[in-house]
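To keep things clear, I will list the structure first and then write my remarks on it.
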Amino acid sequence: MDIHSFASPECARVRHIVLDLQVDFDRKVLEGSAELQFDLFAGTELALDTRGLAIRAIENADSWELGPEHAILGRPLFIRVGQGTGSVKVHYSTSPYASGLQWLDPPQTAGKQHPFLFTQSQAIHARSWIPLQDTPGVRVTFEARVKVPAPLRAVVGAVAQDGVFRMDHPIPSYLISLAAGDIAHRAIGPRSAVYAEPALVDAAAEEFADTESMIQSVEALYGPYRWGRYDILVLPPSFPFGGMENPCLTFATPTVLAGDKSLVSLVAHELAHSWSGNLVTNATWSDFWLNEGFTVYVERRVLEKVYGRRRAEMEAVLGRGELEKEFARLPEGDRVLHVNLAGRDPDDGCTLVPYEKGALLLRTIEESVGRDRFDAFLRAYFERFAFQSITTGQFQNYLRDALPNPVPVEEWITRPGLPAGAAEPHSDAFDHLTWPAPGWSTQEWLHFLRSQSAPDMPRLDREFRLSHAGNSEILHQWLLMSVQHGYRPGIESVESFLCSVGRRKFLKPLYTELMKTEDGRERARAIYAKARPGYHPIAQATIDGIVK
Ligand code: BES
Ligand code: ZN
């Protein structure tokens, strides 16, 4: 039972979707049809999720009706069909304000010549561009035909075949994706390519050159990569996340193009989702930690294999540090792994807790049973639940039977904070960071900056030009400290950063910090007035809650 969907999959379950869409950049709408093929188990009604969709007609329906608008869930679409009916075809168009779409004008792209469109369906935004059963408990295969005006190109997270995109593995709705714009591509491995605007494609190919070794490391640990191709689409800077694990085609922020591969843990992360998340999926958004906690654990195992233990441990220590800060900001109920989301938008559950506390639980089990046994367990887990959506309870039962261990798993899942005996990652690399030295890695910089209680801001800036850092994570950390410590030259750079980047992880802390002083509030409001139109609807919703 998923409280974030109007669907009743026990009565009717959609199995396959045929999408036929036209991208209209002038009106900022997708227009076309979705044919839904389904199994009817009980009754004669198919209930779907929609948000902001204009429904024109439904073929094969006896009658249909849109229910009242719900602030978080959108509108249910009830379709009555005759006994034995196995498909309906919905003709519809999206709203220009669809929460799962961002329409970029040419100035918001690198090339400045053409518009751009991309989707972001997780958690419950697929319903704003396709009428469907928008719950991770329902999996569908699909095929998609997408018309875009020349010379632009459409890409879909699926396999392209003679102008049709096909996804032959059953996936949850939040993994359905589409992008369109001036998109070029370059091969980076035997089953991988990068897609990006032409100006970025070479830099992206170099940054992500280790992708094939990453794929091979996960395969060696947890079994074959099952999705055929693993491509990466680099989006314009307003993309609201670091990355999104759309199957076959990871979506990524351009802010990870640091020039030195220092931020490619993002690729390790999204790739890891090909096992944890895309193969074995959280059944509801309260089980989100099954996706993200497992993925962060696997991500660090990949980093260890490809870049060495030193790098992986630095990331683990940084993660633990950020988790402690997140705990301090959150109410007790959000410091557990299995969160209660009743009456809430599932995007609210997207804190660092499912990521870092989840990964720490797995690491703690690993340390207690030994790495070999834990690896065998994970490999069997991915096999056992492949192409299924499971709950936290199902994981607990499977763990209890397959790998008896002394870790108090129930306490990890239902109680706030970290239980006694939690693993404590440690990095020697961070032991003696007194003053920056040439050749410091991004991770050393981040640890150093975050551990300063009274930093000498002017001297650091003079010696290392941090207000103009080229690495987005370091720059973000520096700008945050500039606001915290009232360092003027840094504060002067905040505006251009907030006006050029739309990644929510960067925006949220900066606006939050600015809002803490009178002067800062004024600045935040002035900046947000300029920047807001360029942000994604999901980022707008988050920052509205901070600045308004
Ligand atoms: N699936 C998430 C992004 C997401 C989560 C989108 C919840 C919508 C709702 C993705 O895999 C992710 O975790 N991205 C991280 C980057 C990662 C390296 C931790 C992000 O975007 O910051
Ligand atoms: Zn993730």
Probe 1.4 Å, all protein chains in place: accessible area of Lys530 in Å², nearest 10? 130 Å²
Expressed in nm to one decimal, what extension gain is obtained for the pair Gln396 and Ser451 from 0.36 nm per residue of sequence separation less their Cα-Cα distance? 16.1 nm
Phe78 paired with Asp202, simple spin-label distance in nm, labels 7 Å along Cα-to-beta-carbon: 6.0 nm
How long are the semi-axes of the equivalent ellipsoid of the range 264-407, defined as square roots of 5 times the Cα gyration tensor eigenvalues? Whole Å, largest first. 22, 20, 15
For the pair Lys147 and Ala184, how long in nm is the line joining their label points, each one 7 Å along Cα→Cβ? 2.9 nm
Under the Kirkwood approximation for Rh and a Cα-based Rg, what ratio Rg/Rh is obtained for the range 438-541? 0.97
Can you tell me the length gained on complete extension of the stretch Arg229 to Asn340, counting 0.36 nm per residue apart and subtracting the Cα distance? 36.4 nm
Accessible surface of Cys248 in the full protein assembly, 1.4 angstrom probe, to the nearest 10 Å²? 10 Å²
Find how much the distance from Thr44 to Gln484 grows on full extension, using 0.36 nm per residue of separation minus their present alpha carbon separation; answer in nm with one decimal. 152.5 nm
Is there a pair in Lys325/Lys505; Lys28/Lys505; Lys325/Lys508; Lys508/Lys548 whose C-alpha atoms are over 18 Å apart, and which pairs would that be? Lys28/Lys505
By accessible area of protein heavy atoms, probe 1.4 Å, what ranking do Thr253, Thr391, Thr517 get, highest first? Thr517, Thr391, Thr253
Which stretch or stretches of the range 176-195 have amide N atoms under 15 Å from the point lying 7 Å from Ala209's Cα along the Cα→Cβ direction? 187-190, 194
Alpha carbon centre of the range 222-276 versus the range 79-101: separation in Å? 30 Å
Of Thr512, Thr392, which has the most accessible area with a 1.4 Å probe, and how do the rest follow in descending order? Thr512, Thr392
Expressed as an acute angle from 0 to 90° and rounded to the nearest 10, what is the orientation of the C-alpha long axis of helix 504-514 relative to the principal long axis of the chain? 50 degrees
Quick one: net charge of Ser173's neighbours, Cβ under 9 Å, K/R +1, D/E -1? 0
Strictly greater than 22 Å: what percent of every Cα pair in the range 159-258 meets that? 29 percent
Heavy-atom accessible area of the range 140-281 with neighbours in place, 1.4 angstrom probe: carbon+sulfur share in percent works out to 52 percent
Which value, in Å² rounded to 10, gives the accessible area of Phe241 with a 1.4 Å probe and all protein chains present? 40 Å²
Förster-model FRET efficiency, 25 Å R0, Asp428 and Asp260, C-beta, rounded to 0.05: 0.70
Largest to smallest accessible area among Glu326, Glu424, Glu518 [probe 1.4 Å]: Glu424, Glu518, Glu326
With Rg from the Cα atoms and Rh as the Kirkwood inverse mean 1/r over Cα pairs, the range 2-148 has an Rg/Rh of 0.99
When the C-alpha atoms of the chain are aligned to their principal axes, what extent does each axis show, in angstrom, from largest down? 73, 57, 47
May I ask for the Kirkwood hydrodynamic radius of the range 495-548, worked out over all distinct Cα pairs and given in angstroms to one decimal? 10.7 Å
Using only the Cα atoms of the range 109-205, what are the Rg and Dmax in Å? 14.5, 41
What would the Debye formula give as log10 I(q)/I(0) at q = 0.13, 0.14, 0.26 Å⁻¹ for the alpha-carbon point model of the range 241-327, no solvent? -0.44, -0.51, -1.38
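The values are calculated or read from the model by the stated rules, or taken from the named source; none is laboratory data. Note that the structure is predicted; figures quoted are calculated from it, not measured. Positions of Cβ are backbone-derived with ideal geometry, glycine not excepted, and every protein chain shown enters the neighbour counts. Note: accessible area is taken over every heavy atom of the protein model, side chains too, but ligands, DNA and RNA are not part of it. Shrake-Rupley method; radii C 1.70, N 1.55, O 1.52, S 1.80 Å.
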